[in-house]
Each structure stands twice: as structure tokens, then as C-alpha cells.
1. Can you tally the lysine pairs in the chain where the Cα-Cα distance is under 29 Å and the two residues are eight or more apart, or on different chains?
2. With semi-axes √(5λ) of the Cα gyration tensor in Å as the read-out, I listed (1) 29, 23, 17; (2) 40, 32, 15; (3) 42, 22, 14; which label goes with the value calculated from this structure?
3. What are the ³J(HN,Hα) values, in whole Hz, obtained from phi via the Karplus relation 6.51 cos²θ - 1.76 cosθ + 1.60 with θ = phi - 60°, for each residue of segment 161-166 in sequence order, with x given for Gly and Pro?
4. Please arrange Trp191, Trp160, Trp254, Trp14 by counting, for each residue, the other beta carbons lying within 10 Å of its beta carbon, fewest first.
5. Would you please give the FRET efficiency between Trp191 and Ile148, computed as 1/(1 + (r/R0)^6) with r the Cβ-Cβ distance and R0 = 25 Å, to the nearest 0.05?
6. Starting with the highest mean, order 221-227, 257-263 by the number of other Cβ atoms within 10 Å, averaged over the residues of each peptide.
7. By counting other Cβ atoms within 10 Å of each Cβ, how are Val108, Val91 ranked from fewest to most?
8. Between Leu42 and Trp14, how many nm apart are label points set 7 Å from Cα along the C-beta direction?
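Derivation of every value follows stated rules applied to the coordinates shown; laboratory data play no part. Fair warning: this is a prediction, and the values are worked out from it, not measured in the lab. Note that we place each Cβ from the backbone using ideal geometry, even for glycine, and neighbour counts take in every protein chain shown.
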Amino acid sequence: MNAQLSKNIWQEAWEGIKKNSRAKIAFYVMSSIFLFVIFGPLLSNYAYDFTDWSYLAMGPSLSNGHFFGTDSLGRDVFVRTLYGGRISLLVGIVSTIVSLVIGVTYGVIAGYVGGKIDAIMMRIVDVLYALPFMFFVILLMVFFGRNIFLIFIAIGAVNWLDMARIVRGQTLAIKNKEYVEAAQALGVSTWDIMRRHIVPNLLGVVVIYMTLTIPQVILVESFLSFLGLGVQEPLTSWGMLVKEGAEDMQNMTWLLMIPGAFLATTLFCFNFIGDGLRDALDPRDR
């Protein structure tokens, strides 16, 4: 039953994307960007940290193999943009998964158990909401060190509050359904009811939230990198490339325009895909 439900959710999601022209175009563009950042570096002869002393701060050119030009250190912008895309997308996806695991678990427990436990758990969420989100992330980065894996965990661990509230609200509605009451009457354990009946029926909300959270997380990582607290050299990300481009934008506009275009396109695509999924899967529209 759960497998069939999951299959139907994904079918409805795909049908929703196909019916929404903007979401469909965004899906294909986003798929192309994914493939490009993964396999694109194979088209270049340069490594992301290689310095070409013959071409320092040179504009885009096909003749010398620097398709997007070079930076002030002679590093290939084409390869660095694609490697930066890998980091930014990885941060977005992994951090979103971390926030979903925490938020869904927290929200399902609070909504299904209810009572004083629900009240206490949601007051904790309210308190955490009062804390400055970005300041908390920066504090974690400064205290524990600027490690790329810590970026995944830090952003995801403080970005789950919205998901917890959304899941709790949906759980409160689902737990009064007939099939849940029937499972309770049959003596099914609380854990099995949440795992088999509550969580599978939250897939639609979770999928929508994931597509809308990934761009938010990418923006957070980009802002941290812009402040110098994100990914560290020799690795890079779109946020770091935008920061470097902003410093030399008067003399080397391509350093800002190219990674900025990739970043903006990715954010737009995820938001359009999220709109299409919301139209198809939002339970309020059913």
C-alpha cells in the first residue's frame, strides 16, 4: 500500500510538472545544469585550481580553451563555475535532507502524540524561531571551524523549523482519518502507525517543501561564502565566485556575470518546479 501510494505521488508530481509549462521548462533546464556541472569539466583541459600564467585575467575565448575566461590568478572560470555548482547544489540537497529528517520526525511526533508533549515541543520551536537564524549559523561556523561537511549539518540543523510546523499541521489532520483509527483499534503500535500511515501521506508536502527549500539553502550558503565563512580555497562555490567577481566587477565583468547567471537560473528553476508540484500535490487543492 505504501509503495503504491509513493508511486502515485511521484506520478502526480510528474503530471503536475508536465501540465505547468514554466515548471516543465524549469525541470529540463535544471536537469541540464545538473548534467553540465557533473560532466562539463571533462570538456576542459584545466583543473579547477590550475594557474595558467599565460592567461591572467583574460576574457572568455574558445581559441585558448578558457571558455568562460580566467580570473586574476589565471584559473579557468569555466571549470571553477562547474565545480562551484557541484558544491552549491550538494550543499542545497544535503542540507535540505538534514532539515527534512529532523523536521518530519519532530513534526510527526508532536502532531500524533499531541497533548502536553505537543505543547512543549512546539514552544521549543517558538523559542528557536526567536533566535536569529543567520547569526546562529555563523556562530556554529566560527565555533566549530569552516569545514564543508559542517556547512551541510549547520544549515540543515537550523532550517527545519518550518518543516516541523507544516508536518505537525498535516499530521493533526491525518491522525483522525478512518484508516488511522482502524490501525489504533487493531492494536498497531504508535511507531508503526507513524511509519506506515502518517509519513507516507506526507510525501506530497515533503516533496513540495524540498523543492522550495533547496534554493533557500543555496542562498544561505552563498551568503556565508560571500562573507568568507563558507567553502574555503581551493574549493569554491557559486557564492564564493560571486564574491570574487564583485571585487573585480569593474575590470572583469565575466567573473560576476557567469556564476551569477548560473546561480540565478538555478534558483528560478527550483522555485518554478516547486510551484508546479504545489499545484499538483497540495492537499488543500484536493
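1. Step by step, the pairs that qualify in the chain add up to 7.
2. Only one option fits the structure, namely (3).
3. Calculated HN-Hα couplings, in order: 5, 4, 4, 4, 5, 5 Hz.
4. Trp191, Trp14, Trp254, Trp160
5. 0.15
6. Per-residue Cβ counts within 10 Å, averaged per peptide and sorted highest first, yield 221-227, 257-263.
7. Exposure proxy ranking, most exposed first: Val108, Val91.
8. 2.5
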